[in-house]
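K.L.:
Quick one: structure below, then a few questions.
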């Protein structure tokens, strides 16, 4: 196999994002022949022993990394986070009921839009008033009485902000963790539901991890088609129909890699160090770079900043690309620069970017 | 790379099923670095030029193979055929309306169950009365007046039956082609909607191909969440959210391989020859093997038959497995033997099975 790392570049893509190279190496073998079965991973029956092994391992790893006991179900579903935006209120927001949705950016805005089809949405924090530059503290949240649940997004890919901890509420907690799942320790077991599209921190696109507390799952308030009913997926071990086998398989390998790195505390320490290198380049630039997120809300997954002009931003992206750094252009809705440095992004790559930022500022400041 | 075919066995799995080996070879390269981009196919933004190229090619190939003009949209969706069982009536069966559903096996039975949530289902053919041993002729169909659509399954994986042509009706035609998509020429352009989970004949699980006529799509009768609204997917070129990139990418390679084989007419001729080898072994066994499907409805994708006893069936599966032939056990709901020989299944493998069947019958008859 062509396994030199020299033919690969630094990939700052916000998602689908970079994956660990040992995982890619393993995929290249298993696509041809997995577990010595004589059949590739894409070609195995989803009800045979090889895929049973994959699903069992993946489920055990989620439970171990998330610190779950027997109160929660682990599901692997299709449709990504966007499907969850719809499935959650369809199942858990009764007509006439209210759910709390702090709005911290594009993804929560989309989730709010879907939830409004089913019941009342209390926008518990209006992030647009501050250009989504932070996640709310407890005293900024306007909670409703008797909310069916509170839905929040723990890390906001587009604006580069994150919560320091889950919002304080007595309502069942529902978390969209798509862009930071398993990037730091998080009290997942205290949640009614946590979901994450895999394609940022967990693997390829096409599979979403859903962790749901059983007693919450049983409060589903609407009859709907089988594929949108969490109970049906749970009863069938995520194999109500042919599941996205490759996604679950790849996610399992990524979780194994996280374990090899030392687990969530070690990932968090490494992610903090990686982000610090880049935030230091922003803060030490004498104002040439302006970070978007307020200090207490700075994401360690997606680092967003502006330059003195859009023309300079264009030059920055082009020169970075020429230097082997791809995907630094900010989201089309906000502009600027965004460096996405998920779990699998190498530490050395952050140092390379920080060095480049210093050089670029010196040349253009 | 380890590209000897000697470490792979004959895979008769009903799905996920065998894929073309040249496609697997290509995947092994592209997972590491696709198009010389320095980034693997799993790690590219779904809005960047590499994935644009993949989606454009895949769409063009579907249109070419299916013989479509501009009347139809090509969509790549998540949730498999089972999601389509729900989405179709949710969008196109109005309350108080009726749709025709000939019941030819497990998958149409499941589709009927989902459709009944939304309107009236006229079971236009009751296949259980004949143990689902054939697909209905025109004179066996009890059609309703003014059906919103007629839904049928062109090839029934579990029972091993297929239609010779689409059912005769004036209602909009909706076809589940999951287990034979692009295995033979089919008048797809005459349909309102054709869908296929990829994992049998088109690629890995986790993506469904949906071909929908634009004017039919616009008749959607219910507001629903974005992910269940065909118009939203069409408007966004199947990238309403992060799509199942790997599935579309692999499907594109498989379609390229079909083109290399000479297209649908060549595939059909090859598939007929492959199936004939096995049906001949059944018909020439002096009654040792009993085929399930009636002559006019015999599938060329899934060949189902029984042996004189369940004990012999068990021995057959075990001895075949020992001889390097996997996946021959019939579906758990019907028992017996099933040989699934999708497009990518090699001709020589069918000859090997036919030879084995003759030997086995001689030893045990």
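K.L.:
Within region B:161-171, is there a residue that is within 14 Å of the chain's Cα centre (by Cα), buried (at least 24 other Cβ atoms within 10 Å of the Cβ), assigned to a loop (DSSP other than H, G, I, E, B) and at pLDDT 95 or above?
P.N.:
Looking for residues that are within 14 Å of the chain's Cα centre (by Cα), buried (at least 24 other Cβ atoms within 10 Å of the Cβ), assigned to a loop (DSSP other than H, G, I, E, B) and at pLDDT 95 or above, one finds none in region B:161-171, hence no.
K.L.:
Go through the residues of region B:304-325 one by one and say whether even a single one is touching a strand residue (DSSP E or B) at 6+ places or on another chain (Cβ under 8 Å) and without any contact (Cβ under 8 Å) to a residue 24 or more places away in the chain.
P.N.:
Yes, some residue in region B:304-325 is touching a strand residue (DSSP E or B) at 6+ places or on another chain (Cβ under 8 Å) and without any contact (Cβ under 8 Å) to a residue 24 or more places away in the chain.
K.L.:
Given the criteria more than 14 Å from chain B (Cβ to nearest Cβ), over 25 Å from residue A:13 (Cβ atoms), outside any loop (DSSP other than H, G, I, E, B) and out of contact with any strand residue (DSSP E or B) (no Cβ under 6 Å at 6 or more places or on another chain), does residue A:146 qualify?
P.N.:
So residue A:146 fails the test.
K.L.:
Would you confirm, using the coordinates I've provided, whether residue A:241 is buried (at least 24 other Cβ atoms within 10 Å of the Cβ) and either within 28 Å of residue A:93 (Cα to Cα) or not assigned by TED's automatic domain parsing to the domain that holds residue A:131 (or both)?
P.N.:
no
K.L.:
For residue B:307, all conditions in the list (1) more than 20 Å from the chain's Cα centre (by Cα); (2) closer than 26 Å to residue B:106 by Cβ; (3) loosely packed, with under 15 Cβ neighbours inside 10 Å hold save one; what is the number of the exception?
P.N.:
(3)
K.L.:
Same structure again: Does residue A:62 fit the bill of being assigned by TED's automatic domain parsing to the domain that holds residue A:108, in a helix (DSSP H, G or I) and more than 28 Å from residue A:331 (Cβ to Cβ)?
P.N.:
Answer is yes for this residue.
K.L.:
So which residues in region B:318-357 are surrounded by fewer than 20 Cβ atoms within 10 Å (Cβ to Cβ), in a helix (DSSP H, G or I) and within 13 Å of another protein chain (Cβ to nearest Cβ)?
P.N.:
Hits for region B:318-357 are B:321, B:322.
K.L.:
What do you reckon, is residue A:290 over 30 Å from residue A:48 (Cα atoms) and over 17 Å from the mean Cα position of the chain (by Cα)?
P.N.:
So residue A:290 fits the description; yes.
K.L.:
For region A:216-304, give me every one of the helices (runs of 4 or more DSSP H) that falls completely inside it and has 1 or more residues that are within 29 Å of residue A:140 (Cβ to Cβ).
P.N.:
Helices (runs of 4 or more DSSP H) meeting the threshold: A:263-283.
K.L.:
Testing residue A:270 on (1) within 10 Å of another protein chain (Cβ to nearest Cβ); (2) surrounded by fewer than 22 Cβ atoms within 10 Å (Cβ to Cβ), one condition comes back false. Which one is that?
P.N.:
(1)
K.L.:
While we're here: Restrict the check to region B:179-187 and report whether at least one residue is farther than 27 Å from residue B:346 by Cβ and out of contact with any helix residue (DSSP H, G or I) (no Cβ under 9 Å at 6 or more places or on another chain).
P.N.:
Looking through region B:179-187, at least one residue is farther than 27 Å from residue B:346 by Cβ and out of contact with any helix residue (DSSP H, G or I) (no Cβ under 9 Å at 6 or more places or on another chain).
K.L.:
Out of region B:102-135, which residues are in a helix (DSSP H, G or I) and away from every other protein chain (no Cβ under 14 Å)?
P.N.:
Answer for region B:102-135, where residues must be in a helix (DSSP H, G or I) and away from every other protein chain (no Cβ under 14 Å): B:108, B:127, B:128, B:129, B:130.
K.L.:
If you don't mind, there's one more thing I want to ask. Assess whether residue A:69 counts as being in the same structural domain as residue A:149 (by TED's automatic domain parsing), without any contact (Cβ under 8 Å) to a residue 40 or more places away in the chain and part of a loop (DSSP other than H, G, I, E, B).
P.N.:
no
K.L.:
What pairs can you find where one residue is in region A:24-51 and facing chain B (nearest Cβ under 7 Å), the other is part of a helix (DSSP H, G or I) and modelled with pLDDT under 95, and their Cβ atoms are less than 7 Å apart, with a gap of 6+ or different chains?
P.N.:
From residues that are facing chain B (nearest Cβ under 7 Å), the pairs are A:33/B:7; A:38/B:7.
K.L.:
Moving on to the next point. Which residues, counting only those in region A:186-210, are assigned to a loop (DSSP other than H, G, I, E, B) and away from chain B (no Cβ under 14 Å)?
P.N.:
Residues satisfying the conditions are A:186, A:187, A:191, A:192.
K.L.:
Here is a further query. State which residue pairs qualify: first residue without any contact (Cβ under 8 Å) to a residue 24 or more places away in the chain and at the interface with chain A (Cβ under 10 Å from one of its Cβ atoms) and inside region B:235-264, second residue surrounded by fewer than 24 Cβ atoms within 10 Å (Cβ to Cβ) and not in a helix (DSSP H, G or I) in any location, beta carbons under 6 Å apart, and separation of 6 or more residues or different chains.
P.N.:
none
K.L.:
Within region A:211-225, take every residue that is touching a residue at least 60 places away in the same chain (Cβ under 8 Å) and either in contact with a helix residue (DSSP H, G or I) (Cβ under 7 Å, 6 or more places away or on another chain) or buried (at least 24 other Cβ atoms within 10 Å of the Cβ) (or both) and give me the one that is nearest to the other protein chains (Cβ to nearest Cβ).
P.N.:
A:224
K.L.:
Would you mind telling me which numbered condition in (1) within 14 Å of chain A (Cβ to nearest Cβ); (2) surrounded by 18 or more Cβ atoms within 10 Å (Cβ to Cβ) residue B:232 fails?
P.N.:
It is condition (2) that residue B:232 fails.
K.L.:
Within region B:72-96, work out how many residues are farther than 27 Å from residue B:116 by Cβ and either within 12 Å of chain A (Cβ to nearest Cβ) or assigned to a helix (DSSP H, G or I) (or both).
P.N.:
Residues that pass the stated criteria total 1.
The values are calculated or read from the model by the stated rules, or taken from the named source; none is laboratory data. Owing to the predicted nature of the structure, the values given are computational and were not obtained by experimental measurement. Every residue, glycine among them, receives a Cβ derived from its backbone with ideal geometry; neighbour counts consider all protein chains shown.
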